[in-house]
1. Of the residues that sit in region 88-103 and are more than 24 Å from PRO125 (Cβ to Cβ) and modelled with pLDDT under 95, which one is nearest to the chain's Cα centre (by Cα)?
2. Quick one: which helices (runs of 4 or more DSSP H) sit completely within region 387-488 and have at least 2 residues that are touching a residue at least 24 places away in the same chain (Cβ under 8 Å) and more than 31 Å from the chain's Cα centre (by Cα)?
3. Name the residue, out of VAL244, VAL261, that is out of contact with any helix residue (DSSP H, G or I) (no Cβ under 6 Å at 6 or more places or on another chain) and either of a type outside the set (Lys, Arg) or outside any loop (DSSP other than H, G, I, E, B) (or both).
4. Looking only at region 401-456, how many residues end up being over 27 Å from SER55 (Cα atoms), buried (at least 17 other Cβ atoms within 10 Å of the Cβ) and either β-branched (Val, Ile, Thr) or modelled with pLDDT under 95 (or both)?
5. When the residues of region 377-390 are narrowed to those that are of a type outside the set (Phe, Trp, Tyr) and open to solvent by 40 Å² or more (accessible area, probe 1.4 Å), which ends up farthest from ILE367 (Cα to Cα)?
6. GLU482 passes all but one of (1) open to solvent by 30 Å² or more (accessible area, probe 1.4 Å); (2) in contact with a strand residue (DSSP E or B) (Cβ under 8 Å, 6 or more places away or on another chain); (3) modelled with pLDDT under 95; (4) not β-branched (Val, Ile, Thr); which number fails?
7. Please work out if THR262 is at pLDDT 95 or above and farther than 27 Å from SER115 by Cα.
8. Could you please find all residues in region 504-528 being more than 28 Å from LEU474 (Cα to Cα) and open to solvent by less than 40 Å² (accessible area, probe 1.4 Å)?
Amino acid sequence: MRKKRYGWLFALACVGTLLVQGEKTQTAQALSFPLQTPVSHSVQVGGTLRTAVVSEAPFKGALATELSIDGTVGKILEFTNNDLFNMDKNYQYTKGGLADVTFDEKNKTATVKLSPKAKWSDGQPLTSRDLAFSYEVVAHKESGSVSYGEALAEIEGIEDYHDGKAPKISGLEEKDPQTLIVHYKAMHPAMRFVGSGYLWNTALPYHYLKDTPIKDLAGSEKLQKTPLSYGPFVIKKVVAGEAVEYVRNKYYPKKPKLDKVTLEVVPVSQAAAAMKAKKYDLLFEMPAEVYNKVKDQKDLTIIGKKELAYSYLGFKVGHSNDEGLSVMDKDSVVSDRNLRQALAYAMNIDQVAKKFGHGLSYRAKSIVPDGFGKYRDPELKGYPYDLKKANELLDKAGYKKQKDGYRTRPNGKPLTVRLLARRGSQNHNAIVENYIEQWKKIGVKVKLVNGRLQESNTMTNKLLSDSKGFDMWLLAWTLPPEPTADGITYLPNSQYNFGHFATKENSELVYSFTKSDKAFNEKYLLKQFYKWQAYMNKEAYIVPMQNNYYTMPVAKNVTGVSLANNGDYYSWAKVGFVK
């Protein structure tokens, strides 16, 4: 069961979500969850699966991966337009999806072959034109998509298309209705991973959308209310921001066991009570406080695994120039590495984890999540709680404490750091206030933007629009299933580089493990990848806070739900109720 969807980058699948679950490392890593619900050989045909996504904000935007920045929309689309490609346990491409791919390093191409059984929910075949159309929408400058970046820019002709110099993408060859050949400027080591972003992993129905200008697609009724599907289910009804109802897609290659699926948005405060009342059969995005209330419920199976995600504190050290590239601001309040490191050391992450995490999370020591195994540098220690070290850093850097207990900047001006953070549950809000108090202990005055926590969508818009008025923010990334992909996030041309930091050393390190031919050798790749992690840790532009377990409660009469990378595209079609 694919937990996230990947184009590039589906970090924004949980944009605005501070993952404040946590526990000390030894406790969290001692947990063990099954990856799937118990298998039953007696599954009834029919029934309605009632699901919910835990969120404090209504979902918004187009119901299309190409144009979405909303995490709940990602869950909505799992039932309709799931990933085209299958992947194995190592997150690499494998055969058997609605599309298969073959790479040709010599000719610098990727040949995508669609299954002849792949059809849209209106009966029309899924074609290479639909695949190419997705690239055209993502790369179009006026589409509103935030997924165009470094990886897709490797396709021949896509930059000219993006800049409005060409009407089509010359590197996309629609060989026949079932075959798309993608021509690249160069081949890269990361291409073997499904989440690398060099290939787009979903499709848009060209025949259905071609009469709508690309700049109007995101707001169109066809993508807001009545999108077509090539997945096991098709959307029948949308209650804006609140709920979705699905029915079987009769053209799907494998007939789903279920008749219908419903999905609702439920706030944290109501989620546990709803599961105890058996209102839902399955819950997506369950936070720790809900897990703690339902973990012993006898009518539920809790499945889970280490998440490819991290929560973090980010610093705004630059801005986006007229060309859309990140440039540094030397006058930024947080441009001083000593200040950034001090703020990191002052955060009592382990203490917060112990109180609120219920064993599901633990302090992150690297920008690369634990879930990636050997790709995370095991030598890094991150920023453990150390008020003495934080104060020493500030003292040596010239941040002098005044009579009121707060510090001034080295130039003598008052120091106030503006924090952007989302509004969440009662626990979440208390944790944000805790960190503000911790920073006060080292003499740094931190104020919330506009004096309050932000609604999730408002915060997202501020980050994506390079809004002024904040110096640091709290957020979380959910990463695509490609270990080195996070590096591309922090390049100057990435729209996800919210802090807009841009250094020559960072770019060179990222390119060394993402573009260099030497990185086809895994030993070299790991060596350079570890160097980059150490560099990011030292500079503290992004301070990783926690790694997490992703858990999902599922009613015990439901079978077929899995979080494993099992190479099975048809997962949701197999979900049903035990007879």
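The values are calculated or read from the model by the stated rules, or taken from the named source; none is laboratory data. On a predicted model such as this, the values are computed, not experimentally measured, just so you know. For neighbour counting, all protein chains shown are included, and Cβ atoms are generated from backbone atoms with ideal geometry for every residue, glycine included. Surface accessibility is based on the protein's heavy atoms, side chains included, excluding ligands, DNA and RNA. Shrake-Rupley method; radii C 1.70, N 1.55, O 1.52, S 1.80 Å.
1. TYR91
2. In region 387-488, 387-396, 426-441 are the helices (runs of 4 or more DSSP H) which contain 2 or more residues that are touching a residue at least 24 places away in the same chain (Cβ under 8 Å) and more than 31 Å from the chain's Cα centre (by Cα).
3. VAL261
4. Residues flagged as over 27 Å from SER55 (Cα atoms), buried (at least 17 other Cβ atoms within 10 Å of the Cβ) and either β-branched (Val, Ile, Thr) or modelled with pLDDT under 95 (or both) within region 401-456 amount to 3.
5. LYS388
6. (1) is the only condition that GLU482 fails.
7. Yes, satisfied.
8. Matches in region 504-528: SER512, SER516, ALA519, LEU525, LEU526.
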